[in-house]
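Okay, so here's the structure we're looking at.
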Amino acid sequence: MPDAISPAPSPSWKPSKDAIEQARVVEFARWLESSGTAAFLDTTDFRELQSWSGAHPGEFWGAVAAFFDVAFTTPPTTALADDSMPGAVWFPGATLNIADQFLRGGADDAVAIHLVRDDGSRDSITFGELRRQVGVAAAGLAALGVGPGQRVAAYLPSSIEGVIAFLATASVGATWAQTAMDYAAPAAADRLAQLEPTVLVVGTAYTFKGQVVDRREEAAALRALLPSVSHVITVPTCGLEPDMPGASTWAELISGTDSWAPVPVPFDHPLWVLFSSGTTGKPKGIVHGHGGALLEQLVLNGFHVGLREGDVYFWFTSPNWMMWNAQIGGLLLGATIVLYDGSPAIPTTDALWHVAAELGVTAFGTSPGYLQLCEREGVEPGKDLDLSRMRVIGITGSVLPPTGNRWIREHVSPKVQVASLSGGTDIVGIFVASAPTTPVYDGEISAIALGVSLEVWDDDGRRVAPGTAGEMVITRPMPSMPVMFWNDPERVAYEGAYFETFPGVWRHGDSITVTERGTVIIHGRSDSTLNRQGIRLGSAEIYAAAESLPDVHDSLVVGVEQPDGGYWMPMFVVPAEDCELDGLADRIKTRIRTQTSPRHVPDEIIIAPALPHTRTGKKLEVPVKRLLLGGDPDKVLSKGAVDDLPALEWIIDFAQSR
């Protein structure tokens, strides 16, 4: 990939004047001016607002709290008392509880949550009933002795009960952690046992490909692997009754008459622990605080997605992924959220589009992989379904190639904004994203996110010019940065993860380009960036070219430094069904050469029966590279973190045979 990125002649989508005038982000800019907090040449210019927000983190995040009327029990003395990284001090003296903010939006009779399963069954709960059940469940947890300093763990599918249990846990000041039920018991225990939880909330089953998958035995096995647990609460998910002696039932927890008001806690009090993927070692527990998580979700969902009361928000995700936590943040704005349990392509490839049409979804989130599947299968959601309420399609999980934008315009709607975004579990939020007022350029992310001081640096820590690829760094603190890593009292792992390369500056690990017009191009993880003869190559461009061939179902490219100083760049390819293998390697190389450059062409095309991914669908570039360098498979990654163990074993065998 050449360093210079040619600017697109014009955007593929622009917001209408009415959409700009109605955007909450514009309302916020005008509120900042009216309150005397900031002044702008043009309050509709997102880049001007973003520049101010990144340069003045204390003023910006303090204004976010005021604009959204965050319910502080004790107000802070200031928004940002110490701006050093790591160690920034946010909202000192403040007390609050995120559950307060979650439970105050939405009319009592309005639907708060829809749950859709791929077997066709559905459930829902209103805001009024959600408030009631959270209060009663919190009282039940308090009666069990659960409070600040303790942890509640969950082994559940995407479920309404999971949202209630999380909010109840937050209400009593305890800390929440969750894994989905597709994890085997040892993989779930690798994560949850670190926290030594006292309460375990377990389901009985999840749905997948139209079938109920019984996980009662696995739940019992997990219980045995968590010796700290003194209370188990069973949830009959998918209608399958529990069978765990000595456990309490969900019905008992929510049938009480007592109700609990959320207890005030400090701003950075541990709210939830999310886990790293485990693809580069044992999963790390990343701890986020009440206040930071709250403000990040208000900015992500309130400004960037633009949610308001009456919106319907559906992001296809799993409790194993931070987007589950981000999606439930829609409740903070009074929006209805849609949870999904099952396969996205069952009973038909367009299953998610049917859900969006039937529930009147206004903001829909998915992955490039699902869009590519729809394209291959000839799905026509805009033609076959009523998606007239949909205004934005969010994309994350991996890089969306330009063809994905075009497919949405041609087969969904030219009026819908394609809102690519990128962030991470690290902040349960975003570093780069679109907003309702930003234009869209195919293959690019529209802007740096609000409150983010983002720069692109070279390996020597020097800022590079716009249009040049380099390392994405964050130079000023954000309140959503982790409070700590679990079991890392000296912050050695935490500082090593983000601040070791550039002291005092957050290195996220992404290789990116910021263009002259402020859009962002993500080339992939910087620790897996391909580097041939000093030229950095983005794997995303290679995937976009190769996977545009109907012969290619999946692919993975890595760069491996050789002991003799050479560089080997193989590409693993899973052929599509009925693909003619004769000449496939040449066809792939030709496509990559013509759509990118000769430098991007792999040294070798290796046909694989399948490829493993993380459980959120990300390609395993770094672990595969380490395996090919001779790394010990047991140390390179946790096998429970991948979606296809036989595919991983094939890669391991291949690496060892080299």
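The values are calculated or read from the model by the stated rules, or taken from the named source; none is laboratory data. Keep in mind that this is a model prediction, so the values were computed, not measured. Virtual Cβ from ideal backbone geometry, glycine too; neighbours counted across all protein chains shown. Calculation scope for accessible area: heavy atoms of the full protein, side chains included, ligands and nucleic acids excluded. Shrake-Rupley method; radii C 1.70, N 1.55, O 1.52, S 1.80 Å.
Some points to look at:
- Relative contact order %, the chain, counting alpha carbon pairs below 8 Å whose residues are six or more apart: 14
- Share antiparallel - DSSP beta bridges, the stretch 71-213, percent rounded to 5: 55
- Largest-first ordering by accessible area, 1.4 Å probe, given options Arg389, Arg131, Arg30: Arg389, Arg30, Arg131
- Proximal charge balance of Arg491 [Cβ under 13 Å; K/R count +1, D/E count -1]: -3
- Taken over the alpha carbons of the stretch 530-658 as equal point scatterers, the Debye sum produces base-10 log I(q)/I(0) values at 0.12, 0.16, 0.17 Å⁻¹ of -0.44, -0.80, -0.91.
- For the stretch 267-404, the extents of the C-alpha atoms along the principal axes are 48, 39, 28 Å, listed from largest to smallest.
- When only Cα pairs below 8 angstrom with a gap of at least 6 residues are kept, the stretch 494-649 shows a relative contact order of 17 percent.
- Based on every Cα atom in the chain, Rg and the maximum pairwise Cα distance Dmax equal 23.9, 72 Å.
- Estimated inter-spin distance, Leu41 and Trp568, nm [label 7 Å along Cα→Cβ]: 5.4
- Difference of contour (0.36 nm per residue) and Cα-Cα distance, Gln595 to Arg658: 19.6 nm
- Residue separation of Ser228 and Ser16 scaled by 0.36 nm, minus their Cα-Cα distance, works out to 70.7 nm of gained length.
- Looking at the stretch 346-472, the DSSP beta bridges with both ends there are about 50 percent antiparallel.
- Rg then Dmax, both in Å and based on the Cα atoms of the stretch 188-319: 17.8, 47.
- Whole-angstrom gap from the stretch 394-454 to the stretch 98-177, using each part's C-alpha centre: 30
- Highest-first arrangement of 375-384, 606-615, 44-53, where packing means the average Cβ count within 10 Å: 44-53, 606-615, 375-384
- Extension gain, Glu561 to Gln211, is 121.5 nm, computed as 0.36 nm per intervening residue step minus the present C-alpha separation.
- Label-point separation in nm, Asp123 to Val492, each point 7 Å along Cα→Cβ: 4.4
- Estimated FRET transfer efficiency when R0 is 30 angstrom, pair Ser84-Leu373 (beta carbons, to 0.05): 0.05
- Bridge type composition, the chain - antiparallel percent by DSSP, nearest 5: 60
- Under the Debye formula (equal points on every Cα, no solvent term), log10 I(q)/I(0) of the stretch 1-157 at q = 0.08, 0.12, 0.17, 0.20 Å⁻¹: -0.44, -0.92, -1.18, -1.25
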